[in-house]
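Each remark here refers to the structure printed beneath this line.
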Amino acid sequence: MELWTEVRRRVLTGELGKRAACQEYKLHWQTLEKILNHTDGVWCKKSADAISRHFTRWNSIERGAKSAKLAH
């Protein structure tokens, strides 16, 4: 849910554009729209949990790729 709040705040304040948010947070356009349209943070509890797992997994993959590049 912290990520949800961060994405909403950055896009709605104009700090980050929608397209840039999709790229930075690896979100589909429709997912970003759902985040922006639902102030309570949950359009579906299951989806919010899936997004959280997605970011956790993506970060671990990214860290692994960076360490593999450094090893070569």
Original post:
For the chain, list the helices (runs of 4 or more DSSP H) that sit wholly inside it and hold at least 2 residues that are at pLDDT 90 or above; which are they?
Top reply: 2-12, 18-25, 29-37
Original post:
Which residues, taken from segment 2-36, are without any contact (Cβ under 8 Å) to a residue 12 or more places away in the chain and closer than 12 Å to Ser52 by Cβ?
Top reply: Glu2
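The values are calculated or read from the model by the stated rules, or taken from the named source; none is laboratory data. Because the structure is predicted, anything quoted here is derived from the model rather than measured. Here the Cβ is made from the backbone with ideal geometry for all residues, glycine too, and neighbour counts use every protein chain on show.
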